[in-house]
Structures are given as structure tokens and as C-alpha cells.
Amino acid sequence: MSARRAALALAVFLAVVLALAAVAVRLAERWYHAPLQGVRAPLTFEVAPGVPLAGVARALGARGVLDYPRLWTLIARRDGLAQRIRAGEYAIAPGQTPAGLLEELVEGRVVLHPVTLVEGWTFAAARAAIEANLAIATTLKGVPDAEVMARLGAPNVAPEGQLFPDTYLVARGATDLEVLKLAHARLNDRLATAWLKRRPDLPLAGPYEALTLASIIEKETGAAEERPRIAAVFVNRLRRGMRLQTDPTVIYGMGASYEGSIHRRDLTTDTPYNTYTRDGLPPTPIALASGAALEAAVQPLDSTELYFVATGQGDGRHQFSRSLEEHNAAVARYLVHLRAGSSQGR
């Protein structure tokens, strides 16, 4: 073969190779941006810390998610992304593409799990709920509340009421301490904001007393719109030096001895939280207070009411009164509704 023919053959060969390579690149790019064929229903997978992209690709290939795991790895290396993936739990939905999946791993768009703390809960109930959440890593089991508060950066602060009730979204593997820190920081922010908006004539010494009052309002509220009105009753009583006489504080002071009902002897048995036997606010909050309760505590309704009692209608509402005479009449009506309900239930 002459040199001319050899050169022509080589040129043709190279042209074919380049054409095939161009086709291969186009096919690879088409696959890279097309929906994953192996994903028919939503699924989750976890990237463990330290696992390289090639290992992730092999695992996804074994599960039938990636039909070309090596190609996925090669493209990631070409684009300088192979070393940038983050550990965590990820979700893959039908319609996801290999390109989109790699982008999620690089940006760390992990699955977030809800952790809900409910208004009116105690600190102990909140800790139990966090510990029971399977997505949360337990590190505080058996750790005393005082030590927990120290780890939250609030040593010597009573734990009750020190978390803001809300739903927090966290990645799998987040620790219970991390969740508590989120809730405690949110409480501090919301309390500070509420205190800045307070009425200037409140009989409260500072934000902590506002939080304590808010926790009582939270426990007394059956109808959300009544919070500012209930707050007004307590504020009016504090102004006049009247005892708050609120059952939730008595119940809290009873601790484990409370069995679901409160009796006259409980109202006269003195504890630091018995607002029938002691003046002013109890020494600490008694529950987690919502943002609405915080706002009500510092911005109570402008009223002269001093009493309230349940209507007995089963809707959580109260009858409010300005005088003891009015209140006694409201209590009498409540007892009539209570007896009527008991007789109907027989």
C-alpha cells in the first residue's frame, strides 16, 4: 500500500472513530438528562460518610436505579463533581434524571424529617418525643435536665418552657441535642421579639415572667381567640395583688400525684406552684408556650375582667366576669351544664 493510500485509510478510520465518539457523547448526554428508567416509585437511599461516588454509583446500579453507573461516574469526574458529593439520606422520585441526582448529592439536598413539639407540653414530654423519633440520634438518654440546659448554653435555668413548640425539619442522624438547640434558640428569639412589643404598663419584671405567664395562658386556653382575654384577667389580678388561682399551676405542682382530676384538698395543699395559696406567678413556666400565648402575655386585651370559668358547652370557651358576683353566677351555670351532661351520659 502506497503512503498516499495509507494516509487516506488512516484519515477515514479517524473520521469514523470521531463520528462514533460524537454519537457516543450525544447518546451519553441524552441518557444523562433523561428520566431514570429504573425508578417507578419514590425511594430513598443513604450515602454514608466517606463513600466515594463510584461506590454510590455501584450501589444505585445494584438497586436498578442507574443502568449505567460507570458512565455516571465518568461524567461526574469530567465535570469535577465526583469529589463534591455529601453524605446523607436522599430521595429519588420518578422523573429524576442522572444529572439531577448528581446535583442533589453535590448540593446536599437531603431528606428532612419532621420533629413536632406541641404547645402545652412539658419539657419532659418534648424530650420523650424527640427520643422516640427514629430519625434522631439519641445522645442524652439518662442525662439530667440540668445538664441538658447547661449543654444548651443556659446553665442554672429551669428547663420548663425553654423550648418553642413548632415542627422542626432535620436530616436523619441529627442528634437530640441539636434539635433541642434549635427549639431553645427559637424560643429565645420569639420571646425577645414579643418582649420588645410589650405594653408599657405590664406588671411583669422581665421576659422570663412573660414566658411564665404565657405558659399558664397556654394551658388555660381551649379556644385560641380567647388567649388575649385570658391574659387580661391574669394581668388585672396581678395588678391588684389578687392571687391567680389557676388550676393548671396546681396540677403542675402536684407532679406525678395528679391522676386526672383536681380536688378541693389539692387547692389548699401548698406547693411552689399553687397559685391559690401563693401570691404572684409561679417560680417557672409550666409548659411550652406558643407564639400566640407569648403575644397574649405581653399584649393582653384591654379589659377590667377578673374571673373566667368554662361555659360547660364543651367548646373550650369561657364565661368572663368583672365581679365575684358575676363569676359565682357563671360558675353556677357551669355546674348546671356539667350535671346535665353527666345525667345524659348515664
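Here, each number is a calculation from the coordinates, and none is a lab measurement. None of the values given here were measured: they were computed from a predicted structure. With ideal geometry, Cβ positions are generated from the backbone for all residues, glycine too; neighbour counts draw on all protein chains shown.
Listed by chain and number, the aspartates and glutamates whose C-alpha is less than 16 Å from the C-alpha of Lys219, apart from same-chain residues fewer than 8 away, are Glu119, Glu160, Glu209, Asp247, Glu295, Asp315. Please name which of Ala293, Leu187, Ala223 has its Cα lying farthest along the dipole of the chain towards the positive end, using unit charges on Cβ (Lys, Arg +1; Asp, Glu -1) and the Cα centre as origin. Projecting each Cα onto the dipole axis, the largest value belongs to Leu187. Among the trypsin sites (Lys or Arg not before Pro) in the range 175-254, those located in a DSSP loop and surrounded by at most 13 other Cβ atoms within 10 Å of their own Cβ are Lys197. Averaging Cα coordinates gives a centre for the range 102-165 and one for the range 166-233; these two points are 16 Å apart. Using only side-chain charges placed at the Cβ, +1 for Lys and Arg and -1 for Asp and Glu, the dipole size of the range 77-157 relative to its Cα centre rounds to 300 debye. Cβ crowding within 10 Å ranks Ser321, Ser290 as Ser321, Ser290, fewest other Cβ atoms first.
Amide H contacts of Thr269 (H built 1.01 Å from N, in plane; Pro and chain starts excluded): no residue 5 or more places away or on another chain comes under 5 Å. Taken along its principal axes, the alpha carbon cloud of the range 112-191 reaches lengths of 31, 27, 19 Å, longest axis first. Charged neighbours of Gly161, selected by a Cβ distance under 15 Å, balance to -4 (K, R count +1; D, E count -1).
One-quarter of the Cα convex hull surface for the range 199-344, in nm²?
On the way: hull surface 35.4 nm².
Averaged projected hull area, Cα only: 8.9 nm².
Within the range 136-155, which residues have the backbone N less than 13 Å from the label spot 7 Å out from Leu112 along Cα→beta-carbon, could you tell me? Answer for the range 136-155: none.
With respect to the chain, whose longest principal axis is taken over its alpha-carbon atoms, helix 324-344 is tilted by about 60°. Listed from fewest to most Cβ neighbours within 10 Å, the set Val336, Val298, Val111 follows the order Val336, Val111, Val298. Sorted from greatest to least, the principal axis extents spanned by the alpha carbons of the range 147-228 come out as 45, 30, 20 Å. Put simply, the amide H of Thr97, placed in the peptide plane, has neighbours under 5 Å in Leu36, leaving out anything fewer than 5 places away on its chain. Working from label points 7 Å from Cα in the Cα-to-Cβ sense, the Arg63 to Arg40 distance is 1.7 nm. Give the residue from Ala99, Thr249, Pro49 lying farthest towards the positive end of the charge dipole for the chain; charges sit on Cβ (+1 for Lys and Arg, -1 for Asp and Glu) and the dipole is referred to the Cα centre. Checked the options; the winner is Ala99.
Values [x] 27; [y] 32; [z] 53 are given for comparison; percent of Cα pairs over 32 Å apart, derived from the coordinates here, is the one labelled [z]. You can think of it this way: the chain between Arg199 and Ala223 has 6.3 nm of extra reach, that is 0.36 nm per residue less the Cα-Cα gap. By the equivalent-ellipsoid construction on the alpha carbon gyration tensor, the range 65-139 comes out with semi-axes of 38, 12, 10 Å, ordered largest to smallest.
Once the other residues with Cβ under 14 Å from the Cβ of Ser215 are scored (Lys, Arg +1; Asp, Glu -1), what is the net sum? Net charge in that neighbourhood comes out at -4.
Can you give the FRET efficiency to the nearest 0.05 for Thr97 and Ala132, using r as the Cβ-Cβ distance and R₀ = 30 Å? Don't skip to the end; give the middle numbers.
Details: r = 37 Å, r/R0 = 1.23.
That gives a FRET efficiency of 0.20.
Evaluated with a Cβ-only charge set (Lys, Arg +1; Asp, Glu -1), the chain carries a dipole of roughly 1320 debye about its Cα centre, given to the nearest 20. Taking a Cβ cut-off of under 12 Å around Thr193, the surrounding Lys, Arg, Asp and Glu residues balance to a net charge of +2, with basic ones at +1 and acidic ones at -1.
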